[in-house]
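Peer 1: First, the structure itself, so that you have it in front of you.
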Amino acid sequence: MKATEDKDKRKKEFMDELTGIYNRAGFYHFTRELLDQNPNMQFCLVYWNIRRFKVVNNLFGWERGDKILIHLADSMKEEFGGEIATYGRMERDNFICCLPFDVLSKGKWLRLGEVTYAMGDLDYHFSCCYGLYKIDDRKMSISVMGDRARIAMESVKDNYMCSYAWYNEEMWNSLVEEQSLSNDFKTAIAEKQFKVYYQPICEAVDGLVSGAEALVRWQHPARGLISPGVFIPLFEQNGYISILDRYVWNEVCKMLKGRMDAGKKVLPVSINVSRIEFYNHHLCEDIYNIVTKNGVPIDLIKIEITETAYADNPVQVQEAVNKFHEYGFVVLMDDFGSGYSSLNILKDLPIDTLKIDMKFLNGFETSEKATIILEAVVRMAKWMSLRVVAEGVEGRKEWEFLKSVECDLVQGFYFYKPMPESDYIALLDKTEIEERSFSKDEFEELENSIMNAFHRGDGVDNVLFYSMIGGMGVMEMTEDTLEILQVNRGYYEVLYGVAEDSDRNIRVLNKKIVEPEKSILMEQCKLAREKDCVQQVQLHHLLDEKGNYKWLNVKLRFLGSCGKRSMYSFVIDDIDEMKKLEKERYLFDYSAALLKVFDKVYRLDYETGMAEVLHTSGSGYMQVGDKYAFLSFFHKYEDSIRWVDCSKEVVGIIENKTLLDAELEKSANGSYSISYQCTIGEIEERINVLFFKVEPRANEVTYLCCIKANVL
Ligand code: C2E
Ligand code: CA
Ligand code: CA
């Protein structure tokens, strides 16, 4: 009797009621025994968890959720029943087992968590994530070992590309780091170390700022600026997020109220609501109270709810959205398309705006599929009278596409990065002034007419523009980019000597201008705008990667601006030939002057060691343009040279650019002279040589060697 009682008691203590395998205490107890009984065997712990088990419960109910857990336990019994191993359920959907290393290496454990559950006609597939820990120190308690395996599991929990990880020291360190961030939280709040950044959200049609999203940053005294990706998940785990969110909402309201009181322009701000907040039944009231207590109108605050919040808590989220609407808030669905219940959401949730992150459309640039999906989502949203914001817009091409599918709003680095409050305020003040000077409609009209002009259509204007002789186009400047948007046929003729007419798209260039041309042109654009006149600049234009270039004359005129974008028309002329002639002409003029004094003038090229004849008085065989190796000259005629007023050592000086430079520097008139007597055939001559250098233009140095010979 006593024995059965003991057994029952023990069973209660060590067994999991639901699944009939060990519970936490049982696993600890029997795993210790297992290790003690097999001292020479290498063991590992595997800890695993069903991904998004909460969703499983939500979709199918607790009862079915329980069945899945029992199914998992059964498959473990089947796999490891005959092995030297222990296994159990820690809590909820967390399982653990201790296996000999060689059993583990067979890889069977990876199949344990693959569950396919049939409901109606459909098979639902669930997957697990696993953490592995190799037991090297047996003195450690089983619970600490289990923690290590769990830490490893946590590291792949949100990584759908990878289902398992081995424990390592780094994981421990990052946990310690997280702990230290948690410890710093209260001080950080008290000392206002959290800063609200604002990322403008723009109208898709013209890029004008129409509002902003509040994004928190942590200005940590020791670690610098920490991004929310680091601390938000952490604070969602330990619950601090609700304090942080409220702090952020308050800061946003204070900013808005401050501007309103000062009679300054205000635009709505979207605030992020963590998915954890939906466990709090006062969420909507909390936000409403913060907004009204600060004296901010409801329509200046928009609420962003992430799609995953809905997947976790559909009922609560639905209730909250309704309540937000009752209060008059606009609600946005953030990260739409990131999870798997996207389409269901639209059916069930009365949201106002969809936010689609471009990064979820992997490879927008290259994949046709991505553009089709995006277009379909936008169209669908339109049918349902939802507005669409595309976030993460990084390039002009993406923007053009979004405009073409009539997406309403855009947000991303192409327009603005998240910025500190002071910058955002400055931007609002600036756009307020700018908008007064150029209306959105006017700019749009201007932009359209320019764009149309370059597309060859039926209109006379269009043909004219496109076929106009000479290269021309339109470029757009923002604060830090300069891009050529459209060009005509002449543009290609000027640059490459041929017109690339085969592809119509070639005229829509979207070509980013890079340094060093970028700075030169941006400068001119600014001047053209300020002075409202045509600016002209000559520049070296790189034609290809091989370093071929062409000299161009660029004329540009300011067309108009809207927000931070401004447009310029430009005309290019090929001045390559002219530049080359100019150089020759310069040298020619120069040598003409020298001619009167000297018999011969050479240009010394120290790189090649050649002296080029720029001028010769005509006697002898020498011709202009001939080149001689000057570095060997004195050595060759060494025997027939007699130095006058100087020594043989001068040869070393004139053969070495640095030494010659030093001598030129030293002399009062910037020249260096030598004299020698030389007998060639019957004739004995005294030769005076003068070296100096000229700089025809900045950074271009020419060494001249001028010779006057006197027959003795
Ligand atoms: P989110 O709500 O999806 O915010 C958009 C994120 O995308 C921001 O990252 C933003 O800086 C980034 N982003 C914007 N444009 C571009 C772009 O063109 N390219 C790329 N690559 N990224 C872009 P951030 O600021 O690091 O915030 C990360 C996440 O942290 C946010 O994602 C949001 O979920 C959360 N978060 C930020 N602030 C708060 C807050 O105050 N409360 C709560 N609960 N969560 C917040
Ligand atoms: Ca957001
Ligand atoms: Ca987002």
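Peer 1: Among the residues of region 308-324, are any in contact with a helix residue (DSSP H, G or I) (Cβ under 8 Å, 6 or more places away or on another chain), within 16 Å of ligand 2 (Cβ to nearest atom) and polar (S, T, N, Q)?
Peer 2: yes
Peer 1: Within region 209-220, is there a residue that is more than 10 Å from ligand 1 (Cβ to nearest atom), modelled with pLDDT under 95 and open to solvent by 40 Å² or more (accessible area, probe 1.4 Å)?
Peer 2: No.
Peer 1: Taking the options I298, I303, I287, I271, name whichever one is at negative phi, touching a Gly at 6+ places or on another chain (Cβ under 8 Å) and in the same structural domain as Q199 (by TED's automatic domain parsing).
Peer 2: Exactly one residue qualifies, and that residue is I298.
Peer 1: Just for region 225-277: of the residues that are farther than 17 Å from M419 by Cα and of a type in the set (S, T, Y), which one is nearest to the chain's Cα centre (by Cα)?
Peer 2: So the residue we want is S274.
Peer 1: Looking only at region 2-49, count every residue that is of a type in the set (K, R) and touching a strand residue (DSSP E or B) at 6+ places or on another chain (Cβ under 6 Å) and tell me the total.
Peer 2: Narrowing region 2-49 to residues of a type in the set (K, R): 2, 7, 9-12, 24, 32.
Next cut, touching a strand residue (DSSP E or B) at 6+ places or on another chain (Cβ under 6 Å) only: 24.
Residues that pass the stated criteria total 1.
Peer 1: Restricting to region 40-51, count the residues that are out of contact with any Phe, Trp or Tyr (no Cβ under 6 Å at 6 or more places or on another chain) and either free of Cβ contacts under 8 Å to residues at least 24 places away in the same chain or of a type in the set (A, V, I, L, M, F, W, C) (or both).
Peer 2: Restricting attention to region 40-51, the residues satisfying the condition of being out of contact with any Phe, Trp or Tyr (no Cβ under 6 Å at 6 or more places or on another chain) are 40-41, 43, 47, 49, 51.
Still in the list and also either free of Cβ contacts under 8 Å to residues at least 24 places away in the same chain or of a type in the set (A, V, I, L, M, F, W, C) (or both): 40-41, 43.
Result for region 40-51: 3.
Peer 1: Only one of these is at negative phi and modelled with pLDDT of 85 or more: E500, E493, E517, E530. Name it.
Peer 2: Being at negative phi and modelled with pLDDT of 85 or more holds for just one of E500, E493, E517, E530, which is E517.
Peer 1: Please go through region 135-168 and give me each residue that is farther than 27 Å from G26 by Cα and either among the aliphatic types (A, V, I, L, M) or in the same structural domain as I226 (by TED's automatic domain parsing) (or both), ordered by number. First the steps, then the outcome.
Peer 2: From region 135-168, those farther than 27 Å from G26 by Cα are 158-162; that's our starting set.
Of everything in region 135-168, just one residue is farther than 27 Å from G26 by Cα and either among the aliphatic types (A, V, I, L, M) or in the same structural domain as I226 (by TED's automatic domain parsing) (or both), namely M161.
Peer 1: Please state which one of K596, K627, K600 is within 26 Å of E663 (Cα to Cα), open to solvent by 80 Å² or more (accessible area, probe 1.4 Å) and at pLDDT 80 or above.
Peer 2: On inspection, the qualifying residue turns out to be K627.
Peer 1: May I ask you to say which residue of Y310, Y327 is away from ligand 3 (no atom under 16 Å from the Cβ) and assigned by TED's automatic domain parsing to the domain that holds I232?
Peer 2: The match here is Y327.
Peer 1: Could you tell me which residue of region 369-395 is surrounded by the fewest Cβ atoms within 10 Å (Cβ to Cβ), considering only residues that are more than 16 Å from ligand 3 (Cβ to nearest atom) and of a type in the set (V, I, T)?
Peer 2: Among those residues, the one meeting the criterion is I372.
Peer 1: Filtering region 176-201 down to residues that are open to solvent by less than 20 Å² (accessible area, probe 1.4 Å) and β-branched (V, I, T), which residue is farthest from the chain's Cα centre (by Cα)?
Peer 2: V196
Peer 1: Oh, and also: Among the strands (runs of 3 or more DSSP E) lying completely within region 340-458, list those that include at least 3 residues that are over 27 Å from V474 (Cβ atoms) and modelled with pLDDT of 85 or more.
Peer 2: 353-357, 387-391
Peer 1: Take I243 and tell me if it is within 15 Å of ligand 1 (Cβ to nearest atom), open to solvent by 50 Å² or more (accessible area, probe 1.4 Å) and assigned by TED's automatic domain parsing to the domain that holds M419.
Peer 2: Details: within 15 Å of ligand 1 (Cβ to nearest atom): yes; open to solvent by 50 Å² or more (accessible area, probe 1.4 Å): yes; assigned by TED's automatic domain parsing to the domain that holds M419: yes.
Here the answer is yes, as I243 does meet what is asked.
Peer 1: Just to confirm my filter: which strands (runs of 3 or more DSSP E) fall fully inside region 168-285 and include at least 1 residues that are among the acidic types (D, E) and within 16 Å of ligand 3 (Cβ to nearest atom)?
Peer 2: The strands (runs of 3 or more DSSP E) meeting that bar are 209-220.
Peer 1: So, in region 521-575, exactly how many residues are surrounded by 14 or more Cβ atoms within 10 Å (Cβ to Cβ) and not in a strand (DSSP E or B)?
Peer 2: 12
The values are calculated or read from the model by the stated rules, or taken from the named source; none is laboratory data. Just so we're clear, the structure is a prediction, and the values are computed from it rather than from any experiment. A quick note on method: Cβ atoms are made from the backbone with ideal geometry, for glycine too, and the neighbour counts reach across all protein chains shown. The protein model used for the area step is the full one, side chains on, heavy atoms only, and it has no ligands, DNA or RNA in it. Shrake-Rupley method; radii C 1.70, N 1.55, O 1.52, S 1.80 Å.
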